[in-house]
Amino acid sequence: MEKNEEEILMEIQKKREVMINIAKKHGYRSDCTIRCSEELDQLIYEYQREKHKDKKQRQRKRQKAKFSIKYLFTSNHENINPKYQLYS
């Protein structure tokens, strides 16, 4: 199951709090703290990957919408790149 951005952000916040508590108890250079920090890094990476994926999807939707509008107002549909031709 894939997590959404909000779920990942909540996990990041929880993991950050856990890491801070571990660091206070065991020190910033302890194995526990370092392991927790690495897990936090993975969550941050996952969040950034989701954010980037969503951004690309939004860009594609905008591009399709722009093309649709351009297509509607273009009288000569033969000049449109075949890649963007609408199918009947």
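Observations
- Hits in region 8-59 - residues which are in contact with a Ser or Thr (Cβ under 7 Å, 6 or more places away or on another chain) and among the aliphatic types (A, V, I, L, M): M19, I22, A23
- Scanning region 24-38 for residues that are touching a residue at least 12 places away in the same chain (Cβ under 8 Å) and either exposed (fewer than 14 other Cβ atoms within 10 Å of the Cβ) or over 21 Å from E7 (Cα atoms) (or both) yields a total of 1.
No value in this document is a laboratory result; all are computed from the given coordinates. Predicted model, so just to flag it, every value in this text is computed and none were measured. Heads up, the Cβs are rebuilt from the backbone with ideal geometry, glycines too, and the neighbour counts pull from every protein chain shown.
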